[in-house]
Amino acid sequence: MRVADDPLMNRLTRAASALALTTCTVLAAALPSQAAAQPAHRETYGTKATYAPRQSARTYQKAPAGFTPVFTENVSRHGSRSATDGEDGDLVLALWDKAQAAGQLTGKGEEFGPKVRALQAAMAKVGYGNLSGLGKRELQDTAVRMADRLPSLFAGIARKGEKIDVVSSGQGRAVDSANLYAGALAATDPALKPLIGATRTDKDLLYFHKADGGAAYRDYIANDKRLADTLATLTGQPKTHRAADSVLRRLFKAAFVERLPAADRVAAATAVYNLYAIAPAMAEESPDGKGWGMQRYLSTSDAAWFGYLGDTEDFYEKGPGFADSDITYKMAGVLLDDLFKQVEAKRAGTSTLGAELRFTHAEEIIPLAALLGLPGSTDPATVDQPYTYAANPWRGADVAPLGSNIQWDVYENNGRYALRMLYNERETAFKAACHPLAKGSKFYDLDELERCFGRS
């Protein structure tokens with residue numbers, strides 16, 4: 001069979017091309033070693049890491065004397081989901097079938113194919129891109145914890161008949177997340193149920209990277225040469241090829257791996273990593289409901305390297321990016337503006353809302369985190385110091401894991417309004433230019449935040 005007629009080789013070639021592995025030299029001399037800064041195991045999953053609250057509610061600061069909660073709002077990423085399509089599994093299984101027919105599987109490789117087929121079947125049953133069982137539970141549990149943190153607020157909402165507005169990007173998993181969250185919140189107090197509005201869609205607000213306001217950003221992603229060159233240089237390092245060989249040799253015999261072109265090895269190893277990364281999100285759909293054990297098929301160091309490569313793309317395409325440009329996060333201004341407008345309407349007495357609940361995607365959470373100056377999102381990269389784990393704290397698993405959220409709780413005392421921010425349920429200071437009510441406090445005067453963010 002000619003290569004051009006080989007479906008597997010065609011698939012590998014397309015995947016390799018998509019990775020843009022052509023090595024550029026403009027940054028090569030600036031690349032520090034990654035060996036000294038391997039991420040923790042959770043970090044190997046990047047933005048596919050599953051959700052867990054980052055602080056116990058028992059350790060939250062008490063509101064300043066005289067302040068009571070009057071409003072809350074959030075921006076939440078959808079919960080854990082299946083892969084958005086079956087391409088990675090199809091690629092790996094086509095390679096696995098070819099190796100099996102040639103007697104070129106290792107012992108772990110023999111196990112791997114059936115496990116991938118079962119994972120593919122589970123994701124197809126859930127629906128590609130849809131919430132998994134874990135994802136549904138993540139959103140419901142987060143809603144219950146919100147209610148538990150603010151019992152007097154929700155009791156007041158029920159007593160006064162205030163409304164709870166629910167809005168999503170309009171994408172299926174975000175809509176489902178919104179409905180599950182709202183349903184779980186209503187279950188904490190039946191009196192809330194008639195006050196929670198039907199989930200509405202606002203693409204400009206919660207899918208801005210694909211809306212009219214994201215036109216310049218999309219042009220940057222498609223056409224910016226510096227971006228393309230930087231990603232090609234960082235992903236095309238020799239370590240990528242060594243890691244790819246290491247991943248594949250766990251599954252396939254050396255002779256089989258050596259016959260694959262170098263770029264195809266990287267494409268195949270990336271597909272194996274992608275299955276590893278999505279598997280925890282699908283844990284409840286595994287045969288025993290406890291997980292798929294994909295970590296058996298990648299070493300921690302190889303998973304960490306491919307996790308770094310995924311983080312590299314997200315950093316430059318959605319996060320702090322280049323130091324001389326705000327193209328990756330400026331468009332999140334529409335969302336930051338809405339956060340402020342909701343609080344300002346509450347202060348002005350023009351809002352009938354007790355809560356504003358928003359549900360979106362990593363493409364919105366990551367730039368919003370950069371615009372807000374949240375921990376881990378404040379350091380952009382330069383040509384001389386590109387993004388590496390050694391040089392930059394940005395980690396997808398911390399910035400925007402599945403189910404990640406940013407919440408502003410609003411308190412009032414005799415006409416004075418104060419805010420507390422939770423980031424993945426951890427009390428989080430606003431950027432350093434903003435001054436809290438007292439040293440070490442996580443509460444900020446609304447007037448001060450308006451000054452700090454240039455709204456006054």
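Before I look further, what does the chain give for accessible area per residue, probe 1.4 Å, in whole square angstrom? The partial results should precede the final answer.
On the way: 18490 Å² over 456 residues.
Roughly 41 Å² per residue, with all protein chains present.
Taking segment 357-456, how much of its Cα-Cα pair set, in percent, is spaced more than 23 angstrom apart?
Values: 1665 of 4950 pairs.
Tail fraction, whole percent: 34.
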Tabulate in residue order the Karplus-calculated ³J(HN,Hα) for segment 47-56, using 6.51 cos²θ - 1.76 cosθ + 1.60 with θ = phi - 60°, rounded to whole Hz; enter x for Gly and Pro.
6, 8, 4, 7, 8, 8, x, 9, 7, 6
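Based on Cα coordinates alone, diagonalise the gyration tensor for segment 141-283, multiply each eigenvalue by 5, take square roots, and list the semi-axes in whole Å, largest first.
Details: eigenvalues 437, 101, 27 Å².
Value: 47, 22, 12 Å, ordered largest first.
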For the Cα atoms of the chain, what angle does the longest principal axis make with the long axis of helix 133-149, in degrees from 0 to 90, nearest 10?
20
Helix-only CD estimate at 222 nm, as mean residue ellipticity for the chain, using -39500 (n - 2.57) per DSSP H run (n ≥ 4):
-14500 deg cm²/dmol
Could you grab the Rg to Rh ratio for segment 272-357? Cα atoms only, Kirkwood for Rh.
1.22
Helix 333-348 axis, angle to the chain major axis (alpha carbon atoms, nearest 10°)
20
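Using only C-alpha atoms and all pairs of different ones, pull out the Kirkwood radius for the chain in Å with one decimal.
Details: mean 1/r = 0.0428 Å⁻¹.
Result for the chain stands at 23.4 Å.
On the protein heavy atoms, probe 1.4 angstrom, tell me the percent of accessible surface of the chain carried by carbon and sulfur. Write down the numbers at each step before the final one.
On the way: 9440 of 18490 Å².
Carbon with sulfur: 51 percent of the solvent-accessible area.
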With the cut-off at 1.5 for a/c, could you classify segment 279-418 from its C-alpha gyration tensor as rounded, prolate or oblate?
oblate
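Would you mind classifying segment 170-254 by shape? Square roots of the alpha carbon gyration tensor eigenvalues, ordered a ≥ b ≥ c; an a/c under 1.5 is rounded, otherwise it is prolate if a/b is larger than b/c and oblate if not. Intermediate values should be presented prior to the final figure.
Details: a/c = 5.11, a/b = 1.75, b/c = 2.91.
Oblate, since a/c reaches 1.5 and b/c is not below a/b.
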Determine one quarter of the surface area of the Cα convex hull of segment 204-361, which equals its mean projected area, and express it in nm² to one decimal.
13.9
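Taking all pairs of distinct Cα atoms, average 1/r, flip it, and tell me the Kirkwood hydrodynamic radius of segment 93-199 in Å to one decimal place. The partial results should precede the final answer.
Values: mean 1/r = 0.0592 Å⁻¹.
Evaluated over segment 93-199, this radius sits at 16.9 Å.
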What do you get for chymotrypsin sites (Phe, Trp or Tyr not before Pro) in segment 110-191 restricted to DSSP loop and a cutoff of at most 11 other Cβ within 10 Å of the site's Cβ?
none
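Taking loop as defined by DSSP and a crowding limit of 16 other beta carbons within 10 Å, which trypsin sites (Lys or Arg not before Pro) in segment 366-456 fit? Spell out each step's value before the answer.
Details: sites: R395, R416, R420, R426, K431, K439, K442, R451, R455; in loops: R395, K431, K439, K442, R455.
Taking segment 366-456 and a limit of 16 other Cβ atoms within 10 Å, the loop trypsin sites (Lys or Arg not before Pro) found are K431, K439, R455.
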Lys and Arg at +1, Asp and Glu at -1: add these up for the other residues within a Cβ distance under 15 Å of Y45 and post the number.
-3
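How high is the relative contact order of the chain, given as a whole-number percent (alpha carbon pairs under 8 Å, six or more residues apart)? Provide the component values of the computation, followed by the final result.
Values: 775 pairs, mean separation 135.5, N = 456.
It rounds to 30 percent for the chain.
The values are calculated or read from the model by the stated rules, or taken from the named source; none is laboratory data. Only a predicted model underlies this, so the values are computations on that prediction, with no experimental measurement involved. FYI the Cβ positions are ideal-geometry reconstructions off the backbone, even for glycines, and counts take in every protein chain you see. Accessible surface areas use protein heavy atoms only, side chains included; no ligands, DNA or RNA. Shrake-Rupley method; radii C 1.70, N 1.55, O 1.52, S 1.80 Å.
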